[in-house]
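The structure appears right after this line, and notes come after that.
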Amino acid sequence: MKKGDKLFVRTDYKVQGAKVGAGDFNDHIEYLKGIAAERYFIGGGFVNRDGGMIVFEAKDLAEAKEISDKDPIINKRW
């Protein structure tokens with residue numbers, strides 16, 4: 001990262017009643033690996049609750065929203 005770069009945080013919790021299969025989770029992880037290869041990224045799941053948090057670099061809020069919205073597990077229509 002360089003001076004002026006911005007970090008954004010996304011916190012997610014599992015939607016109660018949502019059926020998330022192994023394929024859905026794998027698609028989510030592969031997407032995040034791709035993001036991590038392009039920019040600063042750190043994230044992980046919560047120990048005591050279904051969900052997780054990511055911290056990632058984006059040029060502005062619009063780009064951060066675009067990155068978040070393209071995540072297959074977020075984009076899935078339950």
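The values are calculated or read from the model by the stated rules, or taken from the named source; none is laboratory data. The structure displayed is predicted, hence computed values, not measured ones. Heads up, the Cβs are rebuilt from the backbone with ideal geometry, glycines too, and the neighbour counts pull from every protein chain shown.
Some points to look at:
- Restricting segment 20-36 to residues that are out of contact with any Asp or Glu (no Cβ under 8 Å at 6 or more places or on another chain) and in contact (Cβ under 8 Å) with a residue 40 or more places away in the chain, the residue that is surrounded by the most Cβ atoms within 10 Å (Cβ to Cβ): ASP27
- Note on segment 1-38: among residues that are touching a Gly at 6+ places or on another chain (Cβ under 8 Å) and of a type in the set (D, E, K, R), the one that is nearest to GLU66 (Cα to Cα) is ASP12.
- Only one of the listed residues (LYS33, LYS3) is out of contact with any Cys (no Cβ under 7 Å at 6 or more places or on another chain), of a type in the set (Lys, Arg) and modelled with pLDDT under 95. That residue is LYS3.
- When GLY51 is tested against (1) at positive phi; (2) within 11 Å of the chain's Cα centre (by Cα); (3) free of Cβ contacts under 8 Å to residues at least 24 places away in the same chain, exactly one condition is not met: (3).
- Among (1) surrounded by 10 or more Cβ atoms within 10 Å (Cβ to Cβ); (2) outside any strand (DSSP E or B); (3) in contact with a strand residue (DSSP E or B) (Cβ under 7 Å, 6 or more places away or on another chain) - the single one LEU7 does not satisfy: (2)
- Within segment 37-78, if we keep just the residues that are surrounded by 13 or more Cβ atoms within 10 Å (Cβ to Cβ) and basic (Lys, Arg), the residue that is nearest to ARG10 (Cα to Cα) turns out to be LYS65.
- Segment 19-78, residues that are of a type in the set (Val, Ile, Thr) and in a strand (DSSP E or B): ILE42, ILE54, VAL55
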